[in-house]
Amino acid sequence: MRAAIFHENGGPEVVRIEQVARPAPGPGQLLVEVRAAALNHLDLWVRRGIPIETTMPHIGGSDFAGVVVEVGEGVAADRVGERVVVNPGLWCGHCRECARGQESMCERYRIVGEHTDGGFTEFVAVHADRAYRIPDDFSFEEAAALPVSYMTAWRALVSRARLRPGEDVLVIGASGGTALAAVQIARVMGARVFAVTQGAANVQRVRELGADVVYDRATTDWSRAVHADTGRRGVDVVVENVGAATWSGSLRALTRGGRLVTYGATAGPKVELDLRSVFWKQIEVIGTTMASRSEFEDMLRIVFAGRIRPVIDTVMPLDQAREAHGRLEAGGQFGKIILVP
Ligand SMILES: NC(=O)c1ccc[n+]([C@@H]2O[C@H](COP(=O)([O-])OP(=O)(O)OC[C@H]3O[C@@H](n4cnc5c(N)ncnc54)[C@H](OP(=O)(O)O)[C@@H]3O)[C@@H](O)[C@H]2O)c1
Ligand SMILES: [Zn+2]
């Protein structure tokens, strides 16, 4: 089978299309014929190799959807032919965190496509209980756009930041896959949504997706503007994923008792934190990663009920995986970049 694979860490140029052996489903697994796979910023970190160590040579791709073509021992044969999307989380199932349903905090938590080969290829063997049926009116491309971005945004807002209807939320880096998911989910949760992006076209698009107020970071001091637009109050929740470039503005945007939830550091992981603002404003800084099994299922239920439609930037053939990496790295995308084998 063909795969977008790299043998060394580096820029997009290390990604090549090669023939590799087709996997066989082990006990409890099924074999998925990939019909669409989505890129995440994670795929760029993994390819660069900083600070992530992975298998080598490596096939990236944590997000994919396809058709079940074979089942391993112990899996019902009638699953063959099912259209599925895969939860890429891998967990041990018996540690303390797994026992209390916090799978993404498992001490052995890993991610398909990061710690193992992923979906930028034609076939992947996955645990049968991580493959979920896709409704007929959802395309493989739309389904592939979901897992990492939508599960992360779901856990960040629902479980970690405890967003409530009527609250004000500010989403940073809003054209990113995960941030766009946060805009859509916050909207469905009944929050008033503020967002930061770059460029007039993106401002317009984020607004069309349901954000009430959108700032252009190139032209607006958004951390001040958000105070003006909330009656000098600030927002209840900030969704952070950019890191160094936006951190101080994100803290400034919070109201007293506000919650900042962070899951990424695209523009750098080292930030300053003035403890006086933490205790005097009584704010919470909350970390989050991926999602538990039940959060993933809750997210799918809401999306598949038709309440949210994932945002797709481009669909490209798998053979252009290198160009897809380049496009995401350049940062001009809006929503998910999809590869089709
Ligand atoms: N912990 C987890 O479980 C988890 C899960 C998913 C993602 N992540 C992390 O979260 C981050 C976002 O992931 P993603 O896949 O959604 O990324 P993405 O699609 O590549 O989006 C990144 C967005 O960040 C904004 N941005 C980038 N550099 C910026 C800068 N210097 N200043 C301001 N904004 C900047 C841009 O949005 P605008 O142009 O609209 O401002 C860009 O579109 C990544 O670091 C990723 O590793 C972590
Ligand atoms: Zn565990």
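Some observations on this one:
- Any hit, region 212-222, residues being under 18 Å from the mean Cα position of the chain (by Cα), over 17 Å from Met299 (Cβ atoms) and touching a residue at least 24 places away in the same chain (Cβ under 8 Å): no
- Single residue of region 79-96 satisfying the filter (in contact with a strand residue (DSSP E or B) (Cβ under 9 Å, 6 or more places away or on another chain) and over 26 Å from Phe6 (Cα atoms)) that is nearest to ligand 2 (Cβ to nearest atom): Val84
- Failed item in (1) within 16 Å of ligand 1 (Cβ to nearest atom); (2) touching a strand residue (DSSP E or B) at 6+ places or on another chain (Cβ under 8 Å); (3) closer than 30 Å to Val193 by Cα, with Trp154 passing the rest: (2)
- Only one of the listed residues (Val226, Val193) is touching a Phe, Trp or Tyr at 6+ places or on another chain (Cβ under 6 Å), of a type outside the set (Ser, Thr, Tyr) and either under 26 Å from Asp274 (Cα atoms) or part of a strand (DSSP E or B) (or both). That residue is Val226.
- Residue that is surrounded by 17 or more Cβ atoms within 10 Å (Cβ to Cβ) and either within 18 Å of Asn40 (Cβ to Cβ) or outside the structural domain of Arg133 (by TED's automatic domain parsing) (or both), where the choices are Gly234, Gly331, Gly257: Gly234
- Some residue of region 186-205 being at positive phi, surrounded by 15 or more Cβ atoms within 10 Å (Cβ to Cβ) and either modelled with pLDDT of 95 or more or outside the structural domain of Lys281 (by TED's automatic domain parsing) (or both): yes
- Qualifying helices (runs of 4 or more DSSP H) (wholly inside region 247-337; at least 1 residues being within 27 Å of Val203 (Cα to Cα)): 247-253, 293-302, 321-330
Listed here are the residues, each with its yes/no results for (1) more than 24 Å from the chain's Cα centre (by Cα); (2) acidic (Asp, Glu); (3) more than 23 Å from Met189 (Cβ to Cβ).
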site: Asp229; (1), (2), (3): yes, yes, no
site: Gly234; (1), (2), (3): yes, no, no
site: Val238; (1), (2), (3): no, no, no
site: Ser248; (1), (2), (3): no, no, yes
site: Tyr263; (1), (2), (3): no, no, no
site: Arg276; (1), (2), (3): yes, no, yes
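The values are calculated or read from the model by the stated rules, or taken from the named source; none is laboratory data. Computed from a predicted model, the values in this text were never measured in an experiment. Every residue, glycine among them, receives a Cβ derived from its backbone with ideal geometry; neighbour counts consider all protein chains shown.
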